[in-house]
Amino acid sequence: MTDPRDAYTEAYLAARDNPEQFWGEAARALHWDVPWERVLDDTKAPLFRWFTGGQLNTCHNAIDRHVANGRGAQAAVIYDSPVTNTIRTISYAELLDEVARFAGVLQSLGVQRGDRVVIYMPMTPETLIGMYACARIGAVHSVVFGGFAPHELAVRIDDAEPKVILTASCGIEVQRMVPYKPLLDDALRLATHQPAHVVVLQRDVHRCELTPGRDHDWAQVMRNAQPVPCVPVLATDPLYVLYTSGTTGQPKGVVRDHGGHAVALHWSMQHVYGMQPGEVFWAASDFGWAVGHSYIVYAPLLYGCTTVVHEGKPVGTPDAGEFWRVIEQHDVRVLFTAPTAFRAIKREDPQGTFFTRYDLSRFRALFLAGERLDPDTYHWARALLQKPVVDHWWQTETGWPVAANCLGLTAFPVKPGSPTKPVPGYTVQILDDDGHEVPPNKEGAVVIKLPLPPGTLPTLWRNDARFVETYLSRYPGYYLTGDGGYIDEDGYLFIMGRVDDIIIVAGHNLSTGSMEQALSGHPDVAECAVIGVKDALKTQLPVGLVVLKAGVQRDAASLQAELVQRVREQVGPVANFRQVAIVARLPKTRSGKVLRKTMRAIADGDAWSVPATIDDPTTLSEITTALQQLGLARAPIIQIGGE
Ligand code: COA
Ligand code: AMP
């Protein structure tokens with residue numbers, strides 16, 4: 001931030017020093033039914049609200065507005081599904097028709113402004129249509145990722161209390177078809193709350209049974225549906241709730257509002273991603289993640305771009321050239337995905353042979369987020385693409401990037417391993433345990449000074465207290481990100497990883513607590529711990545350590561298989577839980593705290609020392625042996641530094 005003339009610095013300082021003017025100007029790009037009274041409302045600080053008093057509709061701004069302004073014939077959505085061999089282009093005008101009619105369906109099922117609709121669906125355009133239909137009538141959607149098991153779905157249903165649930169007969173993974181409807185039925189057997197209606201998208205590859213009276217066939221209800229207009233809502237009304245892992249087994253319902261969200265996402269498309277209206281943007285993620293909400297569904301359409309809905313994977317559908325094919329075929333200008341996807345491609349096609357078969361001359365940039373971008377993957381992608389590769393850092397909670405190399409403002413030289421600098425609107429600092437800012441290059445807790453910019457979570461669903469306790473109480477005046485890191489002498493931010501019990505698996509944020517809950521529910525388990533260990537492809541993988549109840553004599557292999565299956569059934573396949581060791585004891589402090597950090601260091605082969613507070617040091621050698629039997633803890637053990 002030494003050159004006051006560059007566009008980044010100008011925007012950064014303007015947003016920091018005069019946020020109301022900065023975001024007020026950004027908001028004028030959208031259509032407001034009623035103008036806001038205050039840009040930033042701090043009357044309930046530390047809970048802040050943006051654009052209070054204002055009214056708008058997100059669906060109107062993303063779809064109707066563009067049709068009215070002449071974009072009706074432009075592609076809004078390109079659905080590309082290698083797993084069903086389908087490509088379907090939906091224009092803005094067609095999307096408006098489908099969304100308005102599906103909104104009519106929801107209204108006819110009794111859904112009104114403020115009601116919740118849970119969506120448990122695969123990567124089909126209907127998922128996006130369902131989300132916009134909710135936005136159109138002021139209903140609050142809550143999308144649950146398809147890789148979560150019925151138990152996790154049930155927890156979210158009970159918290160969101162939806163009037164209606166949208167689902168599909170199945171999703172399609174690389175090697176298998178996943179029947180979603182039985183998973184939803186199982187979840188509803190576990191849940192206390194029951195929806196009045198379920199709308200089911202019947203897919204050609206697999207049709208499912210419908211429960212009479214409760215379930216409706218999507219295609220059938222659409223046949224008679226009447227289109228309904230947009231309902232203006234308050235800027236501060238919730239657009240959606242998206243659950244993210246908590247450090248306990250109970251997920252946190254991240255709330256996103258209408259006004260701040262639309263303003264921030266619209267602004268980010270140009271200034272962070274360097275897009276122009278009319279161009280094609282592709283976020284290769286899933287609707288169930290924040291990336292999918294923000295950059296598949298909302299941001300591209302708010303900005304008048306075309307979005308790609310891809311039902312496939314970077315490898316295996318059918319090969320490691322899939323990303324290049326989609327980019328060439330649909331003229332994608334910017335791709336956003338997780339580093340894991342590139343590591344998967346690199347593993348299958350290290351020489352980039354597939355890449356040479358496609359023409360990517362019009363492709364402009366690759367953005368990666370969701371986990372740390374390791375320098376090896378950065379260099380590989382950069383050398384292959386010969387285009388900017390941008391590491392950017394954000395969280396479900398923020399909904400849009402906190403740090404990035406903002407290609408639409410000023411492209412700075414890249415420092416591999418760093419997501420570059422804070423995005424305008426975010427004041428990022430590094431604090432020590434006592435809340436003091438640390439000098440450059442010293443690691444500490446990464447925090448964001450309040451108020452957070454528009455588009456970030458204003459609170460947790462019906463739980464201000466948990467919001468304050470989790471994020472705002474550790475350092476008053478700051479939002480705690482849960483990440484550790486440092487800022488170097490040039491103002492570049494480096495994110496080094498989570499400092500809590502959340503692990504990042506293949507770009508997905510998962511709670512070890514929910515896996516521990518599943519393990520400890522097994523009748524033979526007395527206690528357990530789950531730690532995240534390093535993995536070359538997926539960044540981290542969970543490993544379980546279980547202690548059996550006194551007197552239990554079990555064949556280790558069959559018990560391990562049961563435990564793995566249990567986590568798969570209760571948390572879901574997305575947990576990637578495959579390794580579990582049976583141990584006599586867990587290493588603990590004298591006050592009974594399980595020494596997870598030390599176990600993690602042992603498993604990863606990092607330097608560690610016997611913590612001064614340990615109850616019984618011999619437990620560490622037992623754990624080392626158990627981890628070695630799983631093929632971990634292989635590096636020489638140098639004992640320094642402690643928990
Ligand atoms: N519905 C049902 N099951 C799902 C699912 C879904 N939507 N998504 C994933 N799963 C299942 C997978 O089939 C797999 O099951 P398995 O144990 O039977 O093989 C399991 O969950 C683990 O999935 P994942 O970790 O994604 O591994 P994968 O081998 O299927 O794919 C990658 C690996 C790297 C290709 C994939 O993770 C990827 O593309 N990641 C990067 C993009 C991304 O989505 N990032 C998220 C935020 S940006
Ligand atoms: P999620 O809420 O699932 O998006 O996960 C957010 C977490 O992913 C962050 O708190 C980080 O730990 C991690 N993360 C996301 N992007 C990056 C990045 N570019 N570099 C390092 N870590 C990242």
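Quick notes
- When both the stretch 553-629 and the stretch 104-154 are represented by their alpha-carbon centers, they are found 38 Å apart.
- For Lys163, the lysines whose Cα falls under 28 Å of its own Cα, not counting residues fewer than eight places away in the same chain, are Lys181, Lys252.
- Here Lys449 is the anchor, and the aspartates and glutamates within straight C-alpha reach of less than 15 Å, apart from those fewer than 8 places off in the same chain, are Asp17, Asp42, Glu397, Asp432, Glu437, Asp483.
- Between the stretch 366-428 and the stretch 222-258, the C-alpha centres lie 28 angstrom from each other.
- Residues of the stretch 243-258 with amide N under 20 Å of the 7 Å Cα→Cβ point at Thr43: 257-258
- If the chain linking Asp204 and His31 were pulled fully straight, counting 0.36 nm for each residue of separation and taking away their Cα-Cα distance, it would gain 58.4 nm.
- Model label sites at Ala383 and Leu190, defined 7 Å from Cα along the beta-carbon direction, differ in position by 4.5 nm.
- Taking amide H atoms as placed 1.01 Å from N in the peptide plane, the amide H of Asp535 lies under 5 Å from those of Gln540, Leu541, each 5 or more residues away in sequence or on another chain.
- Length released on extending from Asn463 to Asp376, taking residue separation times 0.36 nm less the Cα-Cα span: 27.2 nm
- Accessible area (Å², 1.4 Å probe, nearest 10) - Glu328: 80
- Normalised by the number of residues in the chain, the mean separation of alpha-carbon contacts (under 8 Å, six or more apart) gives a relative contact order of 12 percent.
- Cβ-based net charge around Pro277, under 13 Å, with every Lys or Arg adding one and every Asp or Glu removing one: +2
- Estimated distance in nm for a label pair at Glu562 and Asp17, the labels positioned 7 Å out from Cα along Cα-to-Cβ: 6.7
- Phi-derived couplings, Karplus 6.51 cos²θ - 1.76 cosθ + 1.60 at θ = phi - 60°, listed residue by residue for the stretch 315-325: 9, x, 10, x, 8, 6, x, 4, 4, 5, 4 Hz, with x used for Gly and Pro.
- Working ranking of peptides 8-16, 350-358 by packing, defined as the average number of other Cβ atoms within 10 Å per residue, highest first, is 8-16, 350-358.
- Links that overshoot a 24 Å alpha carbon limit, given the list Lys44/Lys421; Lys534/Lys597; Lys313/Lys421; Lys346/Lys534; Lys549/Lys588: Lys44/Lys421; Lys313/Lys421
- Take the Cα of Lys442, step 7 Å toward its Cβ, do the same at Ser621, and the gap between the two points is 3.8 nm.
- Dimensions (Å) - the chain, Cα atoms, principal axes, largest first: 72, 65, 57
- Full-extension gain in nm, Gln628 to Leu537, via 0.36 nm per residue minus C-alpha separation: 30.8 nm
- Per-residue SASA entry for Thr410, accessible area with 1.4 Å probe, Å² rounded to 10: 30
The values are calculated or read from the model by the stated rules, or taken from the named source; none is laboratory data. Here the structure is a predicted model, which is why all the values come from computation and not from measurement. Positions of Cβ are generated from backbone atoms using ideal geometry, with glycine treated the same way; all protein chains shown enter the neighbour counts. Ligands, DNA and RNA are stripped out before the accessible areas are found, and what is left, the full protein with its side chains, is counted by its heavy atoms. Shrake-Rupley method; radii C 1.70, N 1.55, O 1.52, S 1.80 Å.
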